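Participant: Handing you this structure, nothing more for now.
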Amino acid sequence: MTRTGRTIAQALTLLLGLGTTAQGLTIYRIGGSILPPPELPEGADFVQLEWQAAKDSDHGAIDLLHGLEPDALEPDRLDPTVNLAPVFDEIGGSIYSYATHGFVAGFKAEAALFDGDPETVLLGDGHWGGASHYRFLEIVFDFPGTFTISRIRMYPRERYISNRFVQWFRIGFNDAERTRRGGPVIRARNWEFEVVYEDLENSRGLIELTALPEYPVKELLVSLAENTQGIWEMAEIEVYGRGYTPEAAYVSQVIDLGGPSALGDLSWSAEVDPGADLTLRMRAGDDPVPNTYWRYTFRGSGATSRLDEQGQPLTKGGYLSLDRRERAGTTPDTENWDGWSTSFDHSEGTVPFQASRPRQYLQVRADFNSTVDAGSRLQYLQFAVSQPPAATVVLGEITPTVASVDEVTPFTYLMTPVMRSGNFGFDRIRIDTPTTAAGVDGVRFNGQPVAYEVLHLDESGFEIAIPRVDESRDGELIEIDFRSRIFRFGTVFSGRVMDSQRPEEVAQVVSPGEADPIVDSNTLSVGLEEVGRRTVNALTLEPPVFSPNGDGINDRVSLDYELVNVEGDAEVAIVLYDLRGSPVEEVFRGAAGSGRFRAEWDGRDAGGRLLGPGIYILRIEVESDLGIRSRERVVSLVY
């Protein structure tokens with residue numbers, strides 16, 4: 001089991017920088033309340049929230065997770081020794097039986113099959129306790145999620161074990177996706193089941209099935225036919241499962257920050273077994289309701305409204321109180337809320353909170369994906385906010401919005417701050433770049449050059465000091481000229497503003513929007529002028545002829561390459577071949593995204609032995625969404 005995330009102390013060091021005053025800073029932690037409160041800088045606040053609060057809220061959810069104790073969340077896991085049938089309702093499932101009017105829950109006669117008492121029985125006489133005759137008794141176990149079923153047992157009372165057995169029975173599985181696996185299918189009402197076991201000539205009183213398919217099951221069908229001769233009886237149907245549920249989720253309650261706030265990093269601590277996965281997402285908004293609720297008005301074909309009959313916006317409670325025929329569904333409130341962010345892998349540990357501008361409300365979501373034997377534990381989530389923010393909002397856009405791949409392009413980053421009473425202002429700007437910027441060339445306020453200082457410049461971006469921006473500069477246009485390269489379509493030059501006098505406060509995000517009416521951009525994203533199908537853009541060797549003889553001159557060959565239009569990280573392999581096409585050495589294998597990279601080869605094979613002089617082929621292969629893309633270069637090895 002591998003541990004990811006950071007300890008509380010590490011997370012606070014990253015988020016805060018201890019030792020100075022932080023009047024507007026608040027640290028929120030969800031879960032992990034058995035841990036000691038974090039050490040905070042003077043003036044900062046700490047808020048502890050519990051996992052359980054999500055379950056008790058309108059917009060939160062704890063789906064197929066247990067361990068609601070303060071320290072961790074974990075996907076539900078079935079004990080293979082526990083018979084689920086008597087406690088099915090307790091785990092959130094339902095059992096349905098086919099009766100006179102179709103599948104219904106809450107039946108009485110069939111309840112003897114699941115009461116855990118081997119002396120109460122149901123007789124298989126075709127009436128199933130009712131007045132109507134029906135050849136099959138069909139029972140559906142509807143699980144609260146998908147689980148692996150490991151064993152099914154069915155039997156009569158002990159004294160009738162040899163003469164009151166069911167002669168024909170079937171077992172069916174439904175995985176909720178209606179996946180066809182090539183076997184026969186039973187259709188029952190709204191369910192569709194793959195037949196995983198059938199016996200037309202059974203003579204066993206005790207039926208025990210263990211060789212069942214190991215895939216997640218949402219519904220289990222037990223179909224018992226009326227005997228051709230005599231009757232059968234059934235005292236118990238026992239169902240056993242094992243392992244983690246494949247999918248589980250936690251969605252926090254809507255957390256009210258008390259006012260618009262700059263949102264900082266989200267950090268977490270988790271334990272994830274090999275083969276399992278845990279991802280995090282987030283969203284933020286301006287009101288406490290992230291969804292829009294709709295009702296049918298019946299004033300025209302399909303006419304809907306998001307207002308109730310009194311002209312007020314529908315709430316979740318009002319929506320649920322409508323007649324089912326009036327409910328027209330729900331949609332995300334895109335006017336007042338950002339959508340859910342992209343998923344972040346558990347191994348990242350800390351990521352910037354994804355929000356388009358300062359917000360008052362937020363939610364976080366954790367999705368657990370497990371195998372039967374591999375699961376995850378989430379100890380806590382933690383994030384920092386600053387209220388009030390440095391500015392009410394800082395609108396930003398970039399020009400030009402199209403550039404050539406791997407060419408140094410001059411850009412102008414435009415920002416307009418909206419400053420209101422209470423905003424403490426800023427005098428630092430950080431801009432993210434896909435590679436080290438070629439330079440920062442100038443800063444202007446309302447078209448006039450101002451003094452600036454480049455404080456930091458590396459492959460992740462640059463940070464500059466500027467004259468202070470406060471309420472007196474509300475609405476002024478700030479322009480930053482710099483030069484950089486891009487390697488993929490849709491490169492985002494995200495930005496943040498900070499106050500050097502308040503280094504512990506959260507850096508505020510620059511929001512894409514209209515900073516300058518003259519510039520037709522409204523975006524911080526830059527595309528490529530020529531978006532081709534190539535992935536490996538440039539590939540050079542230096543030197544093309546090298547001699548690894550230990551004299552310190554040309555002992556190694558450097559391979560410089562550029563990847564373009566790679567979404568996320570792709571698998572990259574650099575392999576050396578001889579002229580017969582046989583692989584000789586794997587120089588590099590790993591994951592990489594769009595950008596410029598370098599690898600080196602010292603003339604040795606995988607065993608550390610120097611290769612003989614000759615001509616070799618260095619080939620780079622990239623697994624992209626377009627398939628495997630490759631380029632080759634010839635390298636000469638001499639002594």
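Participant: Of the residues in segment 449-464, how many are out of contact with any Ser or Thr (no Cβ under 6 Å at 6 or more places or on another chain), closer than 22 Å to Val393 by Cβ and outside any loop (DSSP other than H, G, I, E, B)?
Facilitator: 2
Participant: Right, something else. Within segment 280-301, which residues are of a type in the set (Phe, Trp, Tyr) and either open to solvent by less than 50 Å² (accessible area, probe 1.4 Å) or at negative phi (or both)? Even if it seems obvious, please write down each step before you answer.
Facilitator: Restricting attention to segment 280-301, the residues satisfying the condition of being of a type in the set (Phe, Trp, Tyr) are 293-294, 296, 298.
Across segment 280-301, the qualifying residues are Tyr293, Trp294, Tyr296.
Participant: Still on this model: Regarding Ile486, is this residue open to solvent by less than 10 Å² (accessible area, probe 1.4 Å), among the β-branched types (Val, Ile, Thr) and at pLDDT 95 or above? Even if it seems obvious, please write down each step before you answer.
Facilitator: Working: open to solvent by less than 10 Å² (accessible area, probe 1.4 Å): yes; among the β-branched types (Val, Ile, Thr): yes; at pLDDT 95 or above: no.
When the stated conditions are applied, Ile486 does not pass them.
Participant: Among the listed residues Val440, Val394, Val450, which satisfies the condition of being aliphatic (A, V, I, L, M) and under 27 Å from Glu562 (Cα atoms)? Give the steps one after another, and end with the answer.
Facilitator: Numbers: Val394 fails: under 27 Å from Glu562 (Cα atoms); Val450 fails: under 27 Å from Glu562 (Cα atoms).
None of the others qualify; the one that does is Val440.
Participant: Kindly provide the set of residues from segment 238-276 that are of a type in the set (D, E, K, R) and under 14 Å from the mean Cα position of the chain (by Cα), ordered by number. Please lay out each step first, then the result.
Facilitator: If we filter segment 238-276 for residues that are of a type in the set (D, E, K, R), which is where we start, we get 238, 242, 247, 256, 265, 271, 273.
Correct list: Glu247 only.
Participant: Continuing with the same structure: Identify, by number, the condition in (1) closer than 30 Å to Glu110 by Cα; (2) of a type outside the set (Lys, Arg); (3) touching a strand residue (DSSP E or B) at 6+ places or on another chain (Cβ under 7 Å) that Pro86 doesn't meet.
Facilitator: (3)
Participant: Something else about it: Could you check segment 212-241 and list, in sequence order, the residues that are open to solvent by 10 Å² or more (accessible area, probe 1.4 Å), over 13 Å from Thr148 (Cβ atoms) and in a loop (DSSP other than H, G, I, E, B)?
Facilitator: Of segment 212-241, the ones open to solvent by 10 Å² or more (accessible area, probe 1.4 Å) are 212-216, 218-219, 226-231, 238, 240.
With the extra rule that they be over 13 Å from Thr148 (Cβ atoms), the set shrinks to 219, 226-231, 238.
Of everything in segment 212-241, those that are open to solvent by 10 Å² or more (accessible area, probe 1.4 Å), over 13 Å from Thr148 (Cβ atoms) and in a loop (DSSP other than H, G, I, E, B) turn out to be Glu226, Asn227, Thr228, Gln229, Gly230, Ile231.
Participant: Does Leu14 satisfy the criteria of being closer than 25 Å to Thr146 by Cβ, modelled with pLDDT under 60 and not aromatic (Phe, Trp, Tyr)?
Facilitator: Working: closer than 25 Å to Thr146 by Cβ: no; modelled with pLDDT under 60: yes; not aromatic (Phe, Trp, Tyr): yes.
Spelling it out, it is not the case that Leu14 is closer than 25 Å to Thr146 by Cβ, modelled with pLDDT under 60 and not aromatic (Phe, Trp, Tyr).
Matching residues to (1) among the polar types (S, T, N, Q); (2) over 30 Å from Ile27 (Cβ atoms):
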| position | (1), (2) |
| --- | --- |
| Tyr215 | no, yes |
| Leu221 | no, yes |
| Gln229 | yes, yes |
| Glu233 | no, yes |
| Glu238 | no, yes |
| Gly243 | no, yes |
| Val251 | no, no |
| Gly259 | no, no |
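Participant: Moving to a separate point now. Answer yes or no as to whether Gln253 is open to solvent by 40 Å² or more (accessible area, probe 1.4 Å) and part of a loop (DSSP other than H, G, I, E, B). I'd like the intermediate steps shown before the answer.
Facilitator: On the way: open to solvent by 40 Å² or more (accessible area, probe 1.4 Å): no; part of a loop (DSSP other than H, G, I, E, B): yes.
So Gln253 fails the test.
Participant: Report whether or not Thr179 is surrounded by fewer than 17 Cβ atoms within 10 Å (Cβ to Cβ), of a type outside the set (Lys, Arg) and modelled with pLDDT under 90. Don't jump to the end; show me each part of the working.
Facilitator: Working: surrounded by fewer than 17 Cβ atoms within 10 Å (Cβ to Cβ): yes; of a type outside the set (Lys, Arg): yes; modelled with pLDDT under 90: yes.
Here the answer is yes, as Thr179 does meet what is asked.
Participant: Then there's this: Could you list, in sequence order, all residues of segment 496-531 that are closer than 16 Å to Thr399 by Cβ and not in a loop (DSSP other than H, G, I, E, B)? Talk me through it step by step, then tell me what you get.
Facilitator: Taking segment 496-531 as the starting set, the residues that turn out to be closer than 16 Å to Thr399 by Cβ are 510, 512-529.
Result: Pro512, Ser525, Val526, Gly527, Leu528.
Participant: Count, please, the residues in segment 490-516 that happen to be of a type in the set (A, V, I, L, M, F, W, C) and over 25 Å from Ala44 (Cβ atoms). Steps first, answer last, please.
Facilitator: First, pick out the residues of segment 490-516 that are of a type in the set (A, V, I, L, M, F, W, C): 492-493, 497-498, 506-507, 509-510, 515.
Then drop every residue that is not over 25 Å from Ala44 (Cβ atoms), which leaves 492-493, 515.
Qualifying residue count, segment 490-516: 3.
Participant: Can you name every residue in segment 356-385 that is within 18 Å of the chain's Cα centre (by Cα) and outside any strand (DSSP E or B)? Walk me through how you get there before you give the answer.
Facilitator: As a first pass, look at segment 356-385 and keep what is within 18 Å of the chain's Cα centre (by Cα): 362-371, 374-383.
Residues satisfying the conditions are Ser370, Thr371, Ala374, Gly375.
Participant: Next up: Answer with yes or no whether Ser494 is open to solvent by 30 Å² or more (accessible area, probe 1.4 Å) and farther than 30 Å from Leu610 by Cα. I'd like the intermediate steps shown before the answer.
Facilitator: Values: open to solvent by 30 Å² or more (accessible area, probe 1.4 Å): yes; farther than 30 Å from Leu610 by Cα: yes.
For Ser494, the condition - open to solvent by 30 Å² or more (accessible area, probe 1.4 Å) and farther than 30 Å from Leu610 by Cα - is met.
Participant: Test Ser347 against the criterion of being assigned to a loop (DSSP other than H, G, I, E, B) and either at pLDDT below 90 or within 23 Å of Gly258 (Cα to Cα) (or both), and give yes or no.
Facilitator: Details: assigned to a loop (DSSP other than H, G, I, E, B): no; either at pLDDT below 90 or within 23 Å of Gly258 (Cα to Cα) (or both): yes.
Criteria not met by Ser347.
Participant: May I ask you to say which residue of Phe462, Phe482 is touching a residue at least 60 places away in the same chain (Cβ under 8 Å) and among the aromatic types (Phe, Trp, Tyr)?
Facilitator: The unique qualifying residue is Phe482.
Participant: Checking the conditions here, which among Val638, Val566 is at pLDDT below 80, open to solvent by 50 Å² or more (accessible area, probe 1.4 Å) and β-branched (Val, Ile, Thr)? Even if it seems obvious, please write down each step before you answer.
Facilitator: On the way: Val566 fails: open to solvent by 50 Å² or more (accessible area, probe 1.4 Å).
Val638 is the lone residue from the list that is at pLDDT below 80, open to solvent by 50 Å² or more (accessible area, probe 1.4 Å) and β-branched (Val, Ile, Thr).
Participant: Hey, another quick one. Anything in segment 421-447 that is assigned to a strand (DSSP E or B) and aromatic (Phe, Trp, Tyr)? List them, or say none. Even if it seems obvious, please write down each step before you answer.
Facilitator: In the first step, residues of segment 421-447 are kept if they are assigned to a strand (DSSP E or B); the result is 426-432, 439-445.
Within segment 421-447, Phe426, Phe445 qualify.
Participant: Looking at Val440 and the list (1) aliphatic (A, V, I, L, M); (2) in contact with an Asp or Glu (Cβ under 9 Å, 6 or more places away or on another chain); (3) within 19 Å of Ala507 (Cα to Cα); (4) surrounded by 17 or more Cβ atoms within 10 Å (Cβ to Cβ), which single condition is not satisfied?
Facilitator: Result: Val440 passes all but (3).
Participant: Only one of (1) assigned to a loop (DSSP other than H, G, I, E, B); (2) crowded, with 19+ Cβ neighbours inside 10 Å; (3) under 30 Å from the mean Cα position of the chain (by Cα) is not met by Phe165, so which one is it?
Facilitator: Failed condition: (3).
Participant: Every residue in segment 368-382 that is in contact with a helix residue (DSSP H, G or I) (Cβ under 9 Å, 6 or more places away or on another chain) and either open to solvent by 30 Å² or more (accessible area, probe 1.4 Å) or not aliphatic (A, V, I, L, M) (or both), please.
Facilitator: Within segment 368-382, Ser376, Tyr380, Gln382 qualify.
Participant: Which residues, taken from segment 33-86, are more than 30 Å from Pro388 (Cβ to Cβ), in a loop (DSSP other than H, G, I, E, B) and at pLDDT 85 or above?
Facilitator: Ile34, Leu64, Ala72, Asp76, Asp79, Pro80, Thr81, Val82, Asn83, Leu84
Participant: Same structure, new question: Of all residues in segment 29-75, count the ones that are among the aromatic types (Phe, Trp, Tyr) and open to solvent by less than 50 Å² (accessible area, probe 1.4 Å).
Facilitator: First, pick out the residues of segment 29-75 that are among the aromatic types (Phe, Trp, Tyr): 46, 51.
The next check asks that each one be open to solvent by less than 50 Å² (accessible area, probe 1.4 Å); those that pass are 51.
Total satisfying the criteria: 1.
Participant: Now for a different question. How many residues, within segment 386-414, are under 28 Å from Pro41 (Cβ atoms) and outside any loop (DSSP other than H, G, I, E, B)? Can you show your working first?
Facilitator: Let us first name the residues in segment 386-414 that are under 28 Å from Pro41 (Cβ atoms), namely 386-394.
Among the residues that remain, those that are also outside any loop (DSSP other than H, G, I, E, B) are: 386, 393-394.
Within segment 386-414, residues that are under 28 Å from Pro41 (Cβ atoms) and outside any loop (DSSP other than H, G, I, E, B) number 3.
Participant: Name every residue in segment 443-452 that is among the hydrophobic types (A, V, I, L, M, F, W, C) and either open to solvent by 60 Å² or more (accessible area, probe 1.4 Å) or under 40 Å from the mean Cα position of the chain (by Cα) (or both), in order of residue number.
Facilitator: Just the residues of segment 443-452 that are among the hydrophobic types (A, V, I, L, M, F, W, C), to begin with: 443, 445, 450-451.
Within segment 443-452, Val443, Ala451 qualify.
The values are calculated or read from the model by the stated rules, or taken from the named source; none is laboratory data. On a predicted model such as this, the values are computed, not experimentally measured, just so you know. Note: ideal-geometry Cβ built from the backbone for every residue, glycine included; neighbour counts use all protein chains shown. Only protein heavy atoms, including side chains, enter the accessible area calculation; ligands, DNA and RNA are left aside. Shrake-Rupley method; radii C 1.70, N 1.55, O 1.52, S 1.80 Å.
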